[in-house]
1. Mind listing whichever residues of the range 58-84 are at negative phi, surrounded by fewer than 14 Cβ atoms within 10 Å (Cβ to Cβ) and not acidic (Asp, Glu)?
2. Could you check the range 89-143 and list, in sequence order, the residues that are surrounded by fewer than 12 Cβ atoms within 10 Å (Cβ to Cβ) and of a type in the set (Asp, Glu)?
3. Output the strands (runs of 3 or more DSSP E) that fall wholly within the range 42-146 and possess 3 or more residues being free of Cβ contacts under 8 Å to residues at least 12 places away in the same chain and within 22 Å of Tyr31 (Cβ to Cβ), or say none.
4. Quick check, is Tyr20 crowded, with 18+ Cβ neighbours inside 10 Å, of a type outside the set (Val, Ile, Thr), part of a helix (DSSP H, G or I) and on the phi < 0 side of the Ramachandran plot?
5. On the basis of being within 23 Å of Phe87 (Cβ to Cβ), at pLDDT below 95 and in contact with a Leu (Cβ under 6 Å, 6 or more places away or on another chain), does Cys40 make the cut?
Amino acid sequence: MTEVFLKVENVLENYKTAVYEKDVEKFLSMYAPDIHIYDCWGNWECKGISSWKENVIEWFNGLNEDGVLVKVDINDLVVEENSYLAFVHCAVTFAGHKEESGEKLRQMTNRFTFGIKKVNESWLIAHEHSSLPIDMETGKGIFNLK
């Protein structure tokens, strides 16, 4: 699937929709082939679209097995852009719901930073960093600070 993202905001809307639909190809369509990701789950970092695809497939398959839909909300959005580069930071809330009943199961909020570049007139994520603040007493991530 070839998507064209004419605005930075279109990339973020695609992110939300692709996660909810658990559509791997739609999700990956917003990433540059040489993507570099620092994720707060599993791997310390991920380099390249094929490596990222493995992680996304595992994530979406797990959601399918558990019968979970994830609604994504983006808050505190800041976008700074020029003609070819954009810097984005925001709080992203992932809320898991039972697919059949819609019952809310869990929710977490991560901090995200995206480096987005324009390639062939379409915005693509070139760098992504997600993080959680850490409780200094327990050493555990704080999932719902906001």
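The values are calculated or read from the model by the stated rules, or taken from the named source; none is laboratory data. Keep in mind the model is a prediction, meaning the values are calculated, not measured. Cβ: placed from backbone, ideal geometry, glycine included. Neighbour counts: every protein chain shown.
1. Here is the first cut: in the range 58-84, the residues at negative phi are 58-66, 68-75, 77-84.
Then drop every residue that is not surrounded by fewer than 14 Cβ atoms within 10 Å (Cβ to Cβ), which leaves 58, 61-62, 64-66, 73, 75, 78, 80, 82-84.
Within the range 58-84, Asn61, Gly62, Asn64, Asn75, Val78, Asn82, Ser83, Tyr84 qualify.
2. Glu100, Glu103, Glu121, Asp135, Glu137
3. Output list is empty.
4. So Tyr20 fails the test.
5. It is true that Cys40 is within 23 Å of Phe87 (Cβ to Cβ), at pLDDT below 95 and in contact with a Leu (Cβ under 6 Å, 6 or more places away or on another chain).
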